[in-house]
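Engineer: Below: one structure in structure tokens.
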Amino acid sequence: MRDVAVIGIGCTEFGEHWSTSFRDLFVKAGALALEDAGLSGEKIDALYVGNMSAGRFVEQEHIGALIADYAGLASNNTPSTRVEAACASGGLAFRQAVIAVASGMEDVVVAAGVEKMTDVGTGASVDMLASAADREWEGFAGATFPGLYAMIANDYMHRYPLTREQLAEVAVKNHENGAKNPIAQFRNRITVDTVLNSSLVADPLRLFDCSPITDGAAAVVVVPLERAREFTDSPVRVLASAQASDTIALHDRRDISTLDASVAAGKRAFALSGLSQKDIDLVEVHDCFTIAEICAIEDLGFCKKGEAGKLTADGVTALGGQIPVNTSGGLKACGHPVGATGIKQICEVVTQLRGDAGARQVDAEIGMTHNVGGTGATVVVHILGV
Amino acid sequence: MSVSRFWRKIPQRYNLVGTQCTTCGRYFFPPRSLCPDCRRSGNIVDHQFTGEGTVVTYTVIRSASDQFDHTTPYVLAIVKLDEGPRLTTQVACLPEEAKIGMRVKSVFRRVTADGESGTIHYGTKFVPVE
């Protein structure tokens, strides 16, 4: 197995891109990543594209070929593969690219993620996102995605000392970070009252507990570490790539408010890298809902079960805190174009490790990403370092 | 949901018919055709559940997909059947009546429909036990 490095990153602004199409979003992110890597397209050996549901959002399948075509790579016949694991599609596309390079099969590989969600109405979007859970036995009963996470929140709050205000602090912190991120969908600061006064979506979760519906794309270039200096003076090493699965339905989990796949993927990533929680300088976790960030911090082992609410309220996970979480603004404030989120997390950690994060810069040499599909049926964890 | 996809599981959806692995005794609802513990050495048979259980966790859905939007707010819950398995279901009660630990029993109800002229999908919901 070869060591792998990230040599280029690119990300569109996240938001409602009314005038930009699915394919143009990808082309923009891809071009930014190649420019950052100082590469031209014909050098690319393979593409892996994370996308959850273009078939339903924009009625387009066969995304791998489409992307390669509009990226100008059809004449090179560059192999291009779509990767799908609901909201973890991006993280999984990155992992496939890492595996391709580590194995020696490919040298210069692009991992990308793209989602165009605003071409359908909110009701249709809610229905599509619910297909990340079990359509036959959760969706059929009327389960929405916020509804499933709301049931995690109620289970959690019934068993552990988490207050409604502490939960709101997650969103407040992520908006604070998003306000400092030029690509974030929401760059406005909010207060605990903003969250508590927003409308109920699924009790106890309110509108400001939920990540938004977003258009966006992100891309990164990975190469063997031994070749990284050909392209850049600031390569970022992939120290671990780990993935885990769990039951598709929330009701079949061993424990409703522990994502066992997060626990497993986190443990594997720490074992692969020989690192522990105290070595991690920042984490991008999958905060599709505020409760998801609380669970992620605990499931990855940064604190004990039941402690993450207090940790958040005490500022431990803020920019200046002991373990900054979601410096990008997270899914909540940066936005959540489902297939692109996992790649954006990689982009954020690389930006931080290079020292290019501007107003949201933290002191960091090692960062972690945590990307969740569904309510925890797929989890992908990466550790990156300089 | 397409007619064939719904029709295929009518006994399960209408009458709470799940499965049991007779090798290890474990019950499954939603039904499984492979026991995750015994795998190929398992033996799966149909099982009629009693329909009594307890609410493990719940929420009140205020904003739903287009198909369910006209029925909001509704109580959605994970119910643990007395035989062991857990399922996701609606509890036909007022939002303020829902509680973790509440005893419930299954009832046959209309769940949703494919538009105004499409197939009506019936199934199992739960109601509080007095």
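The values are calculated or read from the model by the stated rules, or taken from the named source; none is laboratory data. What you see is a predicted model; the values in this text were computed from it and never measured. Using ideal geometry, Cβ is built from the backbone for each residue, glycine included, and neighbour counts are taken over all protein chains shown.
Engineer: Which count do you get for residues in region A:21-31 that are crowded, with 18+ Cβ neighbours inside 10 Å and closer than 23 Å to A:SER211 by Cβ?
Structural biologist: Summing the residues that are crowded, with 18+ Cβ neighbours inside 10 Å and closer than 23 Å to A:SER211 by Cβ in region A:21-31 gives 5.
Engineer: Listed residues A:ALA111, A:ALA132; which is within 17 Å of the chain's Cα centre (by Cα) and in a loop (DSSP other than H, G, I, E, B)?
Structural biologist: Step by step, each of A:ALA111, A:ALA132 is checked, and only A:ALA132 is within 17 Å of the chain's Cα centre (by Cα) and in a loop (DSSP other than H, G, I, E, B).
Engineer: May I pose another question? Do you know which of the residues in region A:40-57 that are in contact (Cβ under 8 Å) with a residue 40 or more places away in the chain, surrounded by fewer than 18 Cβ atoms within 10 Å (Cβ to Cβ) and over 21 Å from the mean Cα position of the chain (by Cα) is nearest to A:GLY113 (Cα to Cα)?
Structural biologist: Going through the qualifying residues, I end up with A:ASP45.
Engineer: Can I ask one more? Run B:ARG5 past the list (1) in contact (Cβ under 8 Å) with a residue 24 or more places away in the chain; (2) not in a loop (DSSP other than H, G, I, E, B) and report the number of the one that doesn't hold.
Structural biologist: (1)
Engineer: Test of understanding: among A:PHE231, A:PHE140, A:PHE186, A:PHE145, which residue is closer than 30 Å to B:LEU16 by Cβ and touching a Gly at 6+ places or on another chain (Cβ under 8 Å)?
Structural biologist: A:PHE140
Engineer: Tell me which residues, restricted to region B:59-75, are assigned to a strand (DSSP E or B), touching an Asp or Glu at 6+ places or on another chain (Cβ under 9 Å), closer than 21 Å to B:TYR122 by Cα and within 7 Å of another protein chain (Cβ to nearest Cβ).
Structural biologist: Selection gives B:VAL60, B:ILE61.
Engineer: Also, I was wondering about something else. Consider A:PRO324 carefully, then state whether it is within 23 Å of A:VAL222 (Cβ to Cβ) and modelled with pLDDT of 95 or more.
Structural biologist: So A:PRO324 does not fit the description; no.
Engineer: Name the residues in region A:114-129 that are free of Cβ contacts under 8 Å to residues at least 60 places away in the same chain and part of a loop (DSSP other than H, G, I, E, B), would you?
Structural biologist: Result: A:GLY121, single match.
Engineer: From the list A:VAL285, A:VAL316, pick out the single residue that is among the β-branched types (Val, Ile, Thr), without any contact (Cβ under 8 Å) to a residue 40 or more places away in the chain and within 22 Å of A:ARG159 (Cβ to Cβ).
Structural biologist: A:VAL316
Engineer: Considering each residue of region B:112-130, count those that are at pLDDT below 95, closer than 13 Å to B:THR71 by Cβ and in contact with a Phe, Trp or Tyr (Cβ under 9 Å, 6 or more places away or on another chain), and give that number.
Structural biologist: Looking only at that region, the number is 2.
Engineer: With respect to the numbered conditions (1) in the same structural domain as A:SER276 (by TED's automatic domain parsing); (2) buried (at least 24 other Cβ atoms within 10 Å of the Cβ); (3) within 29 Å of A:GLY121 (Cα to Cα); (4) not hydroxyl-bearing (Ser, Thr, Tyr), which one is the sole condition not fulfilled by A:GLU176?
Structural biologist: (2)
Engineer: A:PRO212 fails exactly one of the following numbered conditions: (1) within 22 Å of A:HIS336 (Cβ to Cβ); (2) part of a helix (DSSP H, G or I). What is the number of that condition?
Structural biologist: The failed condition is (2).
Engineer: Then there's this: Might you check whether a residue that is more than 9 Å from chain A (Cβ to nearest Cβ), at pLDDT 95 or above and closer than 19 Å to A:TYR149 by Cα occurs anywhere in region B:31-46?
Structural biologist: No, that holds for no residue.
Engineer: Being part of a strand (DSSP E or B), on the phi > 0 side of the Ramachandran plot and touching a residue at least 12 places away in the same chain (Cβ under 8 Å) is the filter here, so list the residues in region B:14-52 that pass it.
Structural biologist: If the condition is that a residue be part of a strand (DSSP E or B), on the phi > 0 side of the Ramachandran plot and touching a residue at least 12 places away in the same chain (Cβ under 8 Å), then no residue fits.
Engineer: With the requirement that a residue be among the polar types (S, T, N, Q), more than 14 Å from every other protein chain (Cβ to nearest Cβ) and surrounded by fewer than 16 Cβ atoms within 10 Å (Cβ to Cβ), what does region B:1-30 give you?
Structural biologist: B:ASN15, B:THR22, B:THR23
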